């Protein structure tokens, strides 16, 4: 080593990615933890990306993800997404309802409100592993 120079050694830390098994299908207590409005890949619509935390069960503190389509070129996809969002509002005891001009801040007022989520398992397909899917919401 020459004087006045420094030698750096790179160390590589390998962190193993934790693999989670799917949560068994059924009804679980949960709460909404995070929401974000995201544009669709083709830029023609948007959806609300929601993260729910499963609580009070053997799988406590696990997360399940759900997208609410709110603007979609498919009228049916948009109708389903808005219906799901309005059912969510009813289950957390909110008077909110999705209408044009909806603000994400309104949805954020429902964060951490308890509700039930019914989970199913979406089987693995191609490069995707099996995962949980929220099929309905319920009052607790």
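Every read-out reported here was derived from the displayed coordinates using simple, explicitly stated rules and does not represent laboratory data. Every value quoted in this text rests on a predicted model; they were computed, and no experiment measured them. Every residue, glycine among them, receives a Cβ derived from its backbone with ideal geometry; neighbour counts consider all protein chains shown.
Numbers for the structure displayed
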quantity	calculated
Relative contact order of the chain, defined on C-alpha pairs under 8 angstrom at six or more residues apart (%)	25 percent
Rounded, prolate or oblate (a/c below 1.5 giving rounded, otherwise prolate when a/b exceeds b/c) for the stretch 32-111 by Cα gyration tensor	prolate
Order of 16, 55, 97, 21 - criterion: other Cβ atoms within 10 Å of each residue's Cβ, fewest first	16, 21, 97, 55
Rounded FRET efficiency, nearest 0.05, which uses the C-beta distance separating residue 104 from residue 42 and R0 of 22 Å	0.55
Rounded, prolate or oblate (a/c below 1.5 giving rounded, otherwise prolate when a/b exceeds b/c) for the chain by Cα gyration tensor	prolate
Rounded tilt (10° steps) of 75-91 against the dominant C-alpha axis of the chain	80 degrees
Listed peptides 111-120, 58-67 by packing density, highest first (mean Cβ within 10 Å)	111-120, 58-67
Within a Gaussian network of the chain (alpha carbon springs, distance under 10 Å), most fluctuating of 75, 42, 83	42
Computed lengthening from residue 140 to residue 90, 0.36 nm per intervening residue step minus Cα-Cα distance	16.9 nm
Separation of alpha-carbon centers, the stretch 14-41 and the stretch 78-140, rounded to whole Å	13 Å
Fraction in percent of alpha-carbon pairs per bin - 5 Å, the stretch 90-140	5, 16, 18, 18, 15, 13, 11, 4, 0
Residue among 71, 18, 53 with the largest mean-square fluctuation in a Gaussian network model of the chain, springs linking Cα atoms under 10 Å	18
